[in-house]
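Input: a single structure, listed below in structure tokens.
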Amino acid sequence: MSVAEPIKLEHAYCLCPLETFVACAHQMLDPATPEPVLCSMEPKLMAQLPALRALGLFELFEVRDPALRAWLDDELTKLTV
């Protein structure tokens, strides 16, 4: 996935939480993604966390990217506080 083809999520209500999460995570992990796009992906990714946690996704799967995993751990901790 490249910056030349940014993910368009204006119809995110049509995507399931997992699809939205994966699309946003791919954008966030792409080193060519510009900062403004990263900033727009973060809240979209965060909005999916309650549903994904309720589904038990993070008990079944682990994010392999260390930076994204640390960010997710922080955000998931905030949801439980």
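Since every read-out is calculated from the coordinates, none of them should be taken as a lab result. Nothing here was measured: the structure is a model prediction, and the numbers come from that model. In this analysis, Cβ positions are derived from the backbone assuming ideal geometry, glycine residues included, and neighbour counts consider all displayed protein chains.
Between H26 and F58, the modelled label-to-label distance comes to 2.3 nm, taking each label 7 Å out from Cα in the direction of the beta carbon.
Pairs of Cα atoms nearer than 8 Å and 6+ residues apart set the relative contact order; for region 12-80 it is 31 percent.
When +1 charges are put on Lys and Arg Cβ atoms and -1 charges on Asp and Glu Cβ atoms, the dipole computed for region 12-80 relative to its Cα centre reaches about 140 debye. The distance between label points at E35 and T77 comes to 2.6 nm (points 7 Å beyond Cα on the Cα→Cβ vector).
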